[in-house]
1. Quick query: amide H of VAL27 versus all other amide H atoms, modeled in the peptide plane; which residues come in under 5 Å with a sequence gap of 5 or more or a different chain?
2. Just from its helices, what would the mean residue ellipticity at 222 nm be for the chain, if runs of 4 or more DSSP H residues each count -39500 (n - 2.57) and the sum is divided by every residue, rounded to the nearest 500 deg cm²/dmol?
3. Strictly under 4.7 angstrom between C-beta atoms: which cysteines of the chain have no such partner?
4. Quick one: angle between helix 66-82 and the longest Cα principal axis of the chain, in degrees between 0 and 90, rounded to 10, please.
5. With point charges of +1 on the Cβ of Lys and Arg and -1 on the Cβ of Asp and Glu, referenced to the Cα centre of the stretch 39-93, which listed residue (MET83, ILE69, SER40) lies farthest in the positive direction of the dipole?
6. Under the Karplus relation 6.51 cos²θ - 1.76 cosθ + 1.60, θ = phi - 60°, what is the ordered set of whole-Hz ³J(HN,Hα) values for the stretch 26-42, x standing for Gly and Pro?
7. Under a straight-distance cross-link criterion of Cα-Cα below 24 Å, which lysines are reachable from LYS87, leaving out those fewer than 8 residues away in the same chain?
8. So, with +1 on the Cβ of K and R and -1 on the Cβ of D and E, and no other charges, what is the size of the charge dipole of the chain about its Cα centre, to the nearest 20 debye?
Amino acid sequence: MERLGGGIMDNCIFCKIINGSIPSDFVYEDEKVVAFKDISPQAPVHILIIPKEHIESVDDIDETNSHIIGHIFEVAAKLANEMGLEKGYRIVNNCKEHGGQSVNHIHFHLLGGRQLLWPAG
């Protein structure tokens, strides 16, 4: 995997979405993160929130990038409010293969708009 400028990896699908080589309609963007609708939604509202910096998984969070994770949760709360999820919502992160992570770029799922069940699976 080759690292490009700005912490972008050349063969990462999410990095390609961030740099515009794969088109996407962002529902939110700022200097640290982007958010867009999941292509396979599991709830009426299913948004992916991803950092612009390539961080592979939770295992790669450290003192240099942990502020981005806090920012992701701030963005999630803002989006949940804008999307009318006042009855509640779920934020999910999958870590590595056995945790269900399908793209090796940390991302958080914002799910809502229906009663979400537990256990998750």
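1. Close amide H contacts, sequence-distant or interchain: ALA35, PHE36, LYS37.
2. Working: 2 runs with 24 residues, N = 121.
Counting only the DSSP helices, I get -6000 deg cm²/dmol.
3. Cys with no partner Cβ under 4.7 Å: CYS95.
4. The answer is roughly 40 degrees.
5. Sorting the options by dipole projection puts first MET83.
6. Along the stretch 26-42, the couplings run 6, 8, 7, 7, 9, 5, 10, 9, 10, 9, 8, 6, 5, 6, 10, x, 9 Hz.
7. Output for LYS87: LYS37, LYS78.
8. Details: 10 positive and 17 negative charges, 105 e Å.
Roughly 500 debye for the chain.
FYI, it's all coordinate maths here, none of it is from the lab. This one's a predicted model, so the numbers in the text were calculated from it and none came from an experiment. Cβ: placed from backbone, ideal geometry, glycine included. Neighbour counts: every protein chain shown.
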